[in-house]
Amino acid sequence: MKNLHFSFVLRSACTIFASILGVMKLPKRLFKWIGVIIAVPVGLFLLTAILLYLPPVQTWIKNVVAGSLSKEMNMDISIGRVRLAFPIDFVLDDALAISGRDTVVAAGHVRLDVRFLPLLEGKAEVEALELWKAKMDTKSFISDTRIVGSIGQMGVVRPAVIDLKAQQVDVNRFMMRNSDVKVFLSDTAAVDTS
């Protein structure tokens, strides 16, 4: 009789223990699904960020952007080479924008280096902004102004800070060498901007 009572108690204890484990499995499953739901977007973001640093992906993006800009601006825009290095060091070589028969911009080398962490605060700290061997003629793209000339070397000497929230730019020191740039301003405004 004692063995029967013991087996009943043992079966009851196992049933209670199994039901507790079943209840405990539910939160484990719930936590597992919550983890998957959080991990998938984070993983996709990291995968996209990693892909941006691969040269074939950069070439594909360059071609898509140049094609879109060409259609949007009604110009022939071509870019020779694009390189993005970690974290945000952007280099553009042999950029050309032609409107009709006129060359609007021809840049041999453009480099932009931005610090990453200040971007999270809404500020862009530009470590380097360089333009080498460029020619430009803005024609009528800027209202009441025309900029014509050639640039041997142009850049920011000290870091510049761009506050995106306050819409403010602070350029400490700007340098230009071997350049001949003319800015033509019209006497009267063709477009009322008030």
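Averaging 1/r across all pairs of distinct Cα atoms in segment 31-113 and inverting the result yields a Kirkwood radius of 14.9 Å. Under 5 Å between amide hydrogens, built in the peptide plane, is the criterion, and for Val104 it picks out Ala97, Ile98, Ser99 among residues at least 5 positions away or on other chains.
Taking Val65, Val148 and ordering them by how much accessible surface each has at a 1.4 Å probe, largest first, produces Val65, Val148. The accessible-area ordering, largest first, of the residues Ile142, Ile147 stands as Ile142, Ile147, per a 1.4 angstrom probe. Computing Rg and the Kirkwood Rh from the Cα coordinates of segment 99-191 gives a ratio, Rg/Rh, of 1.04. Note on segment 137-191: percent of Cα-Cα distances in each 10 Å bin, starting at 0 and stopping at the bin with the largest distance, equals 20, 29, 41, 9.
Here the Karplus relation 6.51 cos²θ - 1.76 cosθ + 1.60, evaluated at θ = phi - 60°, turns the backbone of segment 86-92 into coupling constants of 6, x, 9, 10, 9, 10, 10 Hz, with x for every Gly and Pro.
Quick one: which of Lys133/Lys182; Lys71/Lys123; Lys139/Lys182 span more than 23 angstrom between C-alpha atoms?
Lys71/Lys123
Magnitude of the charge dipole for segment 122-194, about its Cα centre and with charges confined to Cβ atoms of Lys, Arg (+1) and Asp, Glu (-1), is about 260 debye. Protection proxy ranking, highest mean first, for peptides 169-181, 111-123: 111-123, 169-181, where packing is the per-residue count of other beta-carbon atoms within 10 Å, averaged.
The values are calculated or read from the model by the stated rules, or taken from the named source; none is laboratory data. Computed from a prediction, not measured in an experiment: that's the story for all the values here. All Cβ positions, even for glycine, are placed from backbone atoms using ideal geometry, and neighbour counts span all protein chains on display. The area values use the complete protein model at the heavy-atom level, side chains included, leaving out ligands, DNA and RNA. Shrake-Rupley method; radii C 1.70, N 1.55, O 1.52, S 1.80 Å.
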